[in-house]
Structure formats: structure tokens, C-alpha cells
Amino acid sequence: MNNEQTTAVLELQNIRKNFKQGGQKLEVLTGVELTVGSGEIVALTGPSGSGKSTLLQIAGLLETPTEGAVLLAGQNCAKLGDGLRTALRRDYLGFVYQYHNLLPDFSALENVMLPQLIAGRNKKEARARAEWLLERMELADRMKHRPAEMSGGEQQRTAIARALANAPKLLLADEPTGNLDPKTSDVVFAELLAIVRETGLSALIATHNMELAGAMDRKVRLEDGKLVNTGISGLISGQNFY
């Protein structure tokens, strides 16, 4: 494995997150340590309520940890101001959630163009990239359809295309196929993994589906507020990501 492949895209160092609930301190994360390497796809598993979504929100700079460091490409971003955090989310990160959250009054093509236009790309370039992404997600004949005119699988594939619109370095996905039936889930997930590998992205994907988790490079499990490494594939065997 060369140095480019082992470069850390995301590092979480001693991440702790506490909430106050009814006057009591609730400790959700109690010292999470995780590194995601360049081009690596990591499955984040664990029971409901274990803090997977909280961890993804911290990694995505949507939540601030109580303690610890969030490093993106080596830069500690945990305590940055709102403006810099917003810029990093726009330029460095892509997000896919369990529900697609597409804008209902816009077509699939417009939904994928919009984040690019916000980032400053011109309309012609934004349209070309949006068309390429939607074609890659097998939605060439659905580009002009609004979300209500699309199936659940088509909506989620559009959401994946939107997450990749600004060519992020790291994709964060929270149960991206959780609202889909098993057959559609398998198709959408296969397309997600294929395009992530094709574009050389890194990804941290939360899922309850252990079969899907097994298709990724590595599995980690959130237990008692910390991560346990549960599986390393041959792709990264012998490398210490902690």
C-alpha cells in the first residue's frame, strides 16, 4: 500500500460527547478513536441508540464534541467557527441520510446541480456533472422528474448523486438504505459502493445490515461509547488504522 492510500482523510481522537437529560449527564461517546484512510470504506455498526448518528454528526462538523479532536486531512476542525465549518462541509464532505431530503419542487437534475451552484460552479459545468452522476446512478431517464414522481430507490440514488456533486473527499452516510425494501436496498447499496470506489472516495457508513457491512473494507462497532475494530479486509490487512 502506498502513502497516498494510507493518508488519513478523517481522524477522530478521544471523542467524548455528553448531553444533559433531566438534570443528569448522559455520556454517549466516551473516548472514540478512529482513522479513515484515503480510499477506505468503513462500516460503522452498533445497536440503535449507541451513538452512531451522533458520531457521524461530529465527524461531519454538525455537532461539536465535548472533548477531543476532529481532523480532516490533518487539520483539527472541532473548534472552528461556523463559517469555516460550513465551507468544509460544502467542499470536503458529502452526506447521505436514511431519508433522502430532496427538495420537492426541484427535479432530480436540479437537486444535484444546486449544491454545485452554491459552491460557485457555473451552470453549464454543474449540469454536466449532475447529468454524469445521475447517469452513473442509472437515472438517465428520470432526471426531469421531481421526488414525488420517483420511487424510493430512485430518490435515494438521487440523494447519493447530490452528496457527490461537489466531489468531496469523505462521504458520511447514516443508514443510507434503511427506508428501502431488501431488494431495492441491495441495488442502491451496490451502486453506492461502486461509485465510491470508482471515484476514490473515503466513506464512513453507518448500517445495521451486517451483510452490507461485510462488503466494506473494514467494520467497527460502537459499544459503550467506544469503537471496537471487528473486521479488516485483505485490502488493508497489516495496516494499523488506530
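The values are calculated or read from the model by the stated rules, or taken from the named source; none is laboratory data. Just so we're clear, the structure is a prediction, and the values are computed from it rather than from any experiment. Methodologically, a virtual Cβ is constructed for each residue, glycine included, from the backbone with ideal geometry; neighbour enumeration extends over all protein chains shown. Keep in mind that these areas ignore ligands, DNA and RNA; they rest on the heavy atoms of the full protein, side chains included. Shrake-Rupley method; radii C 1.70, N 1.55, O 1.52, S 1.80 Å.
When region 194-226 is filtered for residues that are assigned to a loop (DSSP other than H, G, I, E, B) and among the small types (Gly, Ala, Ser), the ones remaining, listed by number, are 200, 214, 215, 225. The single condition among (1) modelled with pLDDT under 90; (2) more than 27 Å from residue 10 (Cβ to Cβ) that residue 99 does not satisfy is (2). Test residue 79 against the criterion of being more than 13 Å from residue 162 (Cβ to Cβ) and modelled with pLDDT of 95 or more, and give yes or no. No. The set of residues in region 51-71 that are open to solvent by 20 Å² or more (accessible area, probe 1.4 Å) and in contact (Cβ under 8 Å) with a residue 12 or more places away in the chain comprises 53, 54, 62, 63, 64, 66, 67, 68, 71.
Table: residues versus (1) part of a helix (DSSP H, G or I); (2) touching a residue at least 12 places away in the same chain (Cβ under 8 Å); (3) buried (at least 18 other Cβ atoms within 10 Å of the Cβ).
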residue: 95; (1), (2), (3): no, yes, yes
residue: 104; (1), (2), (3): no, yes, no
residue: 109; (1), (2), (3): yes, yes, yes
residue: 129; (1), (2), (3): yes, yes, yes
residue: 158; (1), (2), (3): yes, yes, yes
residue: 165; (1), (2), (3): no, yes, yes
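Among the residues of region 16-27, those that are surrounded by fewer than 21 Cβ atoms within 10 Å (Cβ to Cβ), in contact (Cβ under 8 Å) with a residue 12 or more places away in the chain and either closer than 24 Å to residue 82 by Cα or small (Gly, Ala, Ser) (or both) comprise 16, 18. Of all residues in region 175-206, those that are within 19 Å of residue 33 (Cα to Cα) and touching a Ser or Thr at 6+ places or on another chain (Cβ under 8 Å) total 2. Using the structure shown, decide if residue 13 is of a type outside the set (Val, Ile, Thr), more than 15 Å from residue 206 (Cβ to Cβ), free of Cβ contacts under 8 Å to residues at least 12 places away in the same chain and surrounded by fewer than 23 Cβ atoms within 10 Å (Cβ to Cβ). So residue 13 fails the test. Here 39, 68 are screened, and the one residue that is at positive phi, over 18 Å from the mean Cα position of the chain (by Cα) and not basic (Lys, Arg) is 68.
Scanning region 72-93 for residues that are aliphatic (A, V, I, L, M) and out of contact with any Leu (no Cβ under 7 Å at 6 or more places or on another chain), we see that the one that is most open to solvent (accessible area, probe 1.4 Å) is 84.
No other residue among 16, 121, 90, 85 is in contact with a strand residue (DSSP E or B) (Cβ under 7 Å, 6 or more places away or on another chain) and modelled with pLDDT under 95 apart from 16.
Pairing each residue of region 29-42 that is assigned to a loop (DSSP other than H, G, I, E, B) with any residue that is of a type in the set (Val, Ile, Thr) and surrounded by fewer than 19 Cβ atoms within 10 Å (Cβ to Cβ), provided the two are 6+ apart or on different chains, yields C-beta distances under 6 Å for 38/7.
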